[in-house]
Amino acid sequence: MKIDKAGLPFIAGALVPAALLADARRFGWATGFAALAAFFAYFFRDPERRVPSEPGLVVSPADGRVVVAGPADPNAALFKQGAHAVLDGQVDIAYEQSGLWKDTVANQKVTAAITSLGAKNIKGVYSANDGMAGGIATALKGAGINPPLTGQDAELTAIQRILAGFQSSTIYKAYKPEADATAEIAVDLLNGKSFTSVADTTSKSGSGQTVPSKLLPATTVTKANINDTVIKDGLYTVGEVCTADYASACAAAGIK
């Protein structure tokens, strides 16, 4: 069964305490965590899709993802706040719109920006995720320009765009440290211990509550460090990244 990579931290976060508890012969708790891991695996399954072709059917596209889109998403506000903390006073932000986490919407917004500002006046574009960056890259290419373009999530297509020169960078948040911290917190809670040695700081939730947190560093991925990040960590194999269309770009970047 194929599992969506977004589910790996959740599955690992349940399996690790299950193994530790089984080793400690606390089989009741271990079974519960193992069942939770199985549920996560089922929830994040990514089966092959077959579009029904029977006559008279109405087909609606779906990929099983549940998302909150647009400015109401707390993540969007945090990403925007972080970007402005760095960019304000350093560059002129001439056009800023929500892409609603959709490549099609981002493409439309950037196409409008190109029309409004003029292609030659666009010196760079920052995007809050790689999905939107894909739509933006298409719009920029259509206008005959290729300014720096950022993204986030280290999606496979973004890694390939970086190799091809149509995206400058993406943000990679490694799954293993997230899973390890989750497992440690889970075991501490089960043992009635304080987990502040793991969750060693606090942050504000979307509702304004102060919650214990473990803030892990993110990594900027560029063409220069693809080998040392997403491939070294096993997020993608060389074969997945270096398909026929990107073989020469991989060779030039030393990925083999």
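Values quoted throughout were computed directly from the atomic coordinates according to the rules given, and no laboratory measurement underlies them. Please read these numbers as outputs of a predicted model, since none were measured by experiment. Cβ coordinates were reconstructed from backbone atoms using ideal geometry, including for glycine residues, and neighbour counts include every protein chain displayed.
Some points to look at:
- R0 of 51 Å, Cβ-Cβ distance E96-S194: FRET efficiency to nearest 0.05: 0.75
- Along each principal axis, taking the top coordinate minus the bottom one, the Cα set of region 119-256 gives 59, 36, 18 Å in descending order.
- Separation of alpha-carbon centers, region 1-34 and region 124-186, rounded to whole Å: 29 Å
- In this simple spin-label model, placing a label point 7 Å from the Cα along the Cα-to-Cβ direction at both K176 and L156 gives a separation of 2.1 nm.
- Placing a label point 7 Å from the Cα of K5 along the Cα-to-Cβ direction, the residues of region 156-197 with a backbone N closer than 13 Å are 156-162, 170-176.
- Members of K2/K223; K5/K214; K193/K214 lying beyond 19 Å, as alpha-carbon distances in this model show: K2/K223; K5/K214
- Each of I122, I226, I93 was scored by other Cβ atoms within 10 Å of its Cβ. Listed from fewest to most, they are I93, I122, I226.
- Summing charges over neighbours of I136, with a neighbour being any other residue whose Cβ is under 15 Å away from its Cβ, gives 0 when K and R count +1 and D and E count -1.
- Only one item in (i) 66, 54, 46; (ii) 70, 39, 35; (iii) 80, 48, 32 matches Cα extents along the principal axes in Å derived from the coordinates shown, and that item is (i).
- Region 90-163: radius of gyration over Cα atoms, expressed as a fraction of 2.2 N^0.38 Å: 1.01
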